[in-house]
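Written out below as structure tokens is the structure these notes cover.
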Amino acid sequence: MARISFLLFLFSLLTFQAAEAHSVSHQFSPTTPNMIFMLMDDMGWGDLGVYGHPVKETPNLDKMALEGMLLPDFYSANPLCSPSRAAMLTGRLPIRNGFYTTNAHARNAYTPQDIVGGIPDSEILYPELLQKNGYATMIIGKWHLGQQTHYHPLKHGFDEFFGSTNCHFGPFDGKEQPNMPVYRNATMAGRYYQDFPINHKTGESNLTVEYTQEAIKFINKNAANKKPFFLYWTPDATHTPLFASKDFLGTSQRGLYGDAVKELDYSVGQILDTLKTLGIDKDTLVIFSSDNGGATYAKESGEASIATKNVIIIIFDNVLGGSNSPFLCGKETTFEGGMREPTIAWWPGTIQPGQVSHQLGSLMDWYSTALDLAGISEPSDRIIDGISLAPLFKKGQETNRTIFYYRGNEMMAVRNGLYKAHYWTWTNSLEEFNEGTDFCPGEVINNVTTHDQVNNTAQPVLFHLGRDPGEKYPIKHNSAEYKNAMDVITPIVDDHHKTMIAGNPQLNYCDKAVMNWAPPGCDKLNDCLPIPPSNKQLCTWVH
């Protein structure tokens, strides 16, 4: 734990309005706080000013860090959206909760709208336990844990839902695929592109505005009712296809991706200001993070012309993904850029301002932390992979622990202290790479960023992340440092494998019949589409 002078310097460069005076007395005991978990989509570790991005376009998040705690050694449980989100809500690795596939080795799988599986009823999500203990619960934004009705959030611990069960891909023609529904609680309120526009040409959409308004309304309602609340706010503007509202389009030095980041930063400021105005900021823990690393492969083709005597047309690629700097690769990989997340914790009066903790953390920790702060016991009939961070937030007490990096059904790497051992290395296939999908653009590390799945189990590739955060310089196998580090890591890994009981894989089967043809409420909107015959098949996961 260290007080960070660079944040204070940053603060001196930024101008902020003074916090409004509290208009309402504190309503809840700070030992059982309100909780807001802000989970971004595909946002990279290096996207925020406080994490070093040079354009410094995130003043509200930078201020949030100044007033709270920066957690630079924080990880997702998977380098892809759905498994990461399932792990966060269950406190368990995807290999345990079923959010993986056995169709092929070490493949990233998720929940497209033809997926048959979803979050199993046997998993206990922490919103369920909060709800049973008097918390009002709401999810706003992207669910992504199954689109069939028995997988919906209102069946898994949420009182309210505004958002979608799927990503905002589209538009679709309603014949090969339907457009994704946006839900208001249990019934659809419309569909992306039809009723909730996203303009691919301009990037304009008001979705982040609507998600922010919904968040503020939920907070105001529960503050007025003097009821503790849990808000899971998960906008997806930084996932392609990118979008931002009209007021933010063209305002960033980083293009459309930067516009989306700026708007999300503004929204975070609006939500925190609401808490301050209501006088419940000291009774509310707010966490900001992302589901996986920035999508370094996200790009689009474009054209630029140079006017000379002859017009020259230059074809180029516009990068649409986030920044994972200074780490290696990005989303889909188990290198640092794929799983280390920009994380901030904010709880005025409890978390002391201007702190940095190098606690090794995981999104799964929010499970144990939320239950601990609410005075609720964890389920005793299963392994919980997260740890409570309440001692860290309240007393600055850090906990030794190990981080396991999974890709599909394979443990790819392990971090213990500052050492990271890669038991398997893989980016993506050479065939896919040659077709233009590059998970590590501009980064070629011999025997590390491999296009074949390389089994290093007999002699793992070891890095010291303090000296080498970019994973460029493997420690020599014959060195004393290598031996000493692996003497610690090896028994931890052996014990992990011995006690691993894998869950039933949920992401093996796809069926066009389970797509969003006729979601609940479609009849009231005259928007039910014919359901095709069932044809259940094994899903294909290429990477």
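What to note about this one:
- Options I383, I351, I403, I344; residue that is open to solvent by 40 Å² or more (accessible area, probe 1.4 Å) and closer than 24 Å to Y126 by Cα: I383
- Cross-chain or 6+ apart pairs with Cβ under 7 Å, the stretch 188-216 first and in contact (Cβ under 8 Å) with a residue 40 or more places away in the chain and closer than 21 Å to M138 by Cβ, then charged (D, E, K, R) and open to solvent by less than 40 Å² (accessible area, probe 1.4 Å): T208/E263
- Lone qualifier among V311, V356 - being at pLDDT below 95 and open to solvent by 10 Å² or more (accessible area, probe 1.4 Å): V311
- Sole exception among (1) closer than 30 Å to G118 by Cβ; (2) open to solvent by 80 Å² or more (accessible area, probe 1.4 Å); (3) among the hydrophobic types (A, V, I, L, M, F, W, C) for V444, by number: (1)
- Unmet criterion (only one of (1) touching a residue at least 24 places away in the same chain (Cβ under 8 Å); (2) in contact with a Ser or Thr (Cβ under 9 Å, 6 or more places away or on another chain)) for V286: (2)
- Answer residue from the stretch 94-112, given it is in contact with a helix residue (DSSP H, G or I) (Cβ under 6 Å, 6 or more places away or on another chain) and assigned to a loop (DSSP other than H, G, I, E, B) and is surrounded by the most Cβ atoms within 10 Å (Cβ to Cβ) among those: F99
- Residue count for the stretch 441-458, restricted to those that are free of Cβ contacts under 8 Å to residues at least 24 places away in the same chain and over 12 Å from W424 (Cβ atoms): 3.
- Which listed residue is of a type outside the set (D, E, K, R), touching a strand residue (DSSP E or B) at 6+ places or on another chain (Cβ under 9 Å) and crowded, with 24+ Cβ neighbours inside 10 Å, from I119, I115: I115
- Some residue of the stretch 484-498 being part of a loop (DSSP other than H, G, I, E, B) and either at negative phi or open to solvent by 40 Å² or more (accessible area, probe 1.4 Å) (or both): no
- Taking the criterion of being in contact with a strand residue (DSSP E or B) (Cβ under 8 Å, 6 or more places away or on another chain) and either open to solvent by 40 Å² or more (accessible area, probe 1.4 Å) or not aliphatic (A, V, I, L, M) (or both), the residues of the stretch 408-440 that qualify are E410, R415, N416, L418, Y419, K420, H422, Y423, W424, T425, W426.
The values are calculated or read from the model by the stated rules, or taken from the named source; none is laboratory data. Just so you know, these numbers come straight off a predicted model, no measurement behind them. For neighbour counting, all protein chains shown are included, and Cβ atoms are generated from backbone atoms with ideal geometry for every residue, glycine included. Please note that ligands, DNA and RNA were not included when accessible areas were found on the heavy atoms of the full protein model with its side chains. Shrake-Rupley method; radii C 1.70, N 1.55, O 1.52, S 1.80 Å.
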